[in-house]
Amino acid sequence: MLATLRNRRRNKLIADTAWKLTRAAALNPDPGQQTVTPQQVIVHIWNEHLEHVTADETRPHIAAAHTHWHGTTAA
């Protein structure tokens, strides 16, 4: 039970971070800087929450946020 709650919290943290960074990137007027990389999400989560996540964990959340904000999947 506790492991399930930790997993949910971790997934929510990754999804929220990817969502916020992708939204900020979508508002950037420079089209060359409107994408978010897994490394950006990893660094942000580490700096803000001191929790380590992997690039594989971030990719689906980034893709979902990018699809929402840009209407297409990330390149």
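The values are calculated or read from the model by the stated rules, or taken from the named source; none is laboratory data. All figures in this text were calculated on a predicted structure; none of them were measured in a lab. Note: ideal-geometry Cβ built from the backbone for every residue, glycine included; neighbour counts use all protein chains shown. Remember, those area values only see protein heavy atoms, side chains included, never the ligands or the DNA or RNA. Shrake-Rupley method; radii C 1.70, N 1.55, O 1.52, S 1.80 Å.
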* To do: Rank H68, V36, L13 by how far each Cα sits towards the positive end of the charge dipole of the chain (+1 on Lys, Arg Cβ; -1 on Asp, Glu Cβ) and give me just the farthest.
  => L13
* Asked: In the chain, what percent of the accessible surface is made up of carbon and sulfur (1.4 Å probe, ligands and nucleic acids excluded)?
  -> 57 percent
* To do: Take every Cα-Cα pair in region 16-75 and report what % of them are more than 16 Å apart.
  => 37 percent
* **Estimated dipole of the chain in Debye, rounded to 20 [Cβ of Lys and Arg +1, of Asp and Glu -1, Cα centre]** => 300 debye
* **Accessible solvent surface per residue of the chain, calculated while the other protein chains remain in place, 1.4 angstrom probe, Å²** => 69 Å²
* Quick one: how many Å² of R9 are accessible to a 1.4 Å probe, rounded to 10? -> 130 Å²
